[in-house]
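Accompanying notes for the structure given below.
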Amino acid sequence: MRKGTICILAGLALLLAAAGLAGYNLWDAARADRASEAILAELSIPEPDPEAIPDYQLDPGREMPAETIEGWDCVGVLSIPALGLELPVIGEWSYPALRQAPCRYTGSAYTDDMTIAAHNYARHFGHLTALRPGDAVTFTDLSGNVFRYAVAETETLQPTDIQEMTAGDWPLTLFTCTKGGQYRVTVRCEKSE
């Protein structure tokens, strides 16, 4: 076989591998979207009693209530209207959990230090870079308490900057990796009325 033929065959093999990887990534993103929708459809969030003092105000250090859906302990629902997203939030992050829905990485809505991580799937956090200062974000816990935030700033961090992702006095931080995983898009949110 000639050297040119070998190079052409190798090039075709690489193109097929790239097409296969792109196809897998699209399938995986669609699967994750369906998984999030299935979890969200089963979550039951009551209307809070407007006359009662919420439990988290009486005891901010308490654990956020969780409900097990599809085998995952969910702590609430994240809504980002500017991106058209409403997603369940799994209580503890792990790589398998991230393939289903966004996950609480650290902190709590009750102590104003919650960080939520998600994959960069199109229907998860794939478009975080499109958020602008002032965009609304809400988190609703399983007791029906609604926590309102506004985007304050967006940062791009190194994947090794773990402490930077959770640093500062931000009541809510959202993060995901960029395409290719070289950096982390980090959105900082402040409380809003």
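The values are calculated or read from the model by the stated rules, or taken from the named source; none is laboratory data. None of the values given here were measured: they were computed from a predicted structure. Every residue, glycine among them, receives a Cβ derived from its backbone with ideal geometry; neighbour counts consider all protein chains shown. To get the accessible areas, we keep the full protein, side chains included, count just its heavy atoms, and leave off ligands, DNA and RNA. Shrake-Rupley method; radii C 1.70, N 1.55, O 1.52, S 1.80 Å.
Cβ-Cβ distances below 8 Å connect the following pairs, each with a first residue in region 125-141 that is within 16 Å of Tyr183 (Cα to Cα), a second residue that is among the hydroxyl-bearing types (Ser, Thr, Tyr) and open to solvent by 30 Å² or more (accessible area, probe 1.4 Å), and a separation of six or more residues or different chains: Leu128/Thr154; Thr129/Thr154.
Just one of (1) over 18 Å from Cys103 (Cβ atoms); (2) touching a Cys at 6+ places or on another chain (Cβ under 6 Å); (3) modelled with pLDDT under 95 fails for Val151. It is (3).
For region 161-193, the candidate set comprises residues that are surrounded by 13 or more Cβ atoms within 10 Å (Cβ to Cβ) and of a type in the set (Asp, Glu); within that set, the residue that is modelled with the highest pLDDT is Glu190. Under the condition of being modelled with pLDDT of 75 or more, among the acidic types (Asp, Glu) and touching a Phe, Trp or Tyr at 6+ places or on another chain (Cβ under 9 Å), the residues counted in region 21-44 number 1. Within region 108-151, being aliphatic (A, V, I, L, M) and open to solvent by 30 Å² or more (accessible area, probe 1.4 Å) holds for Ala122, Ala130, Ala136, Val146.
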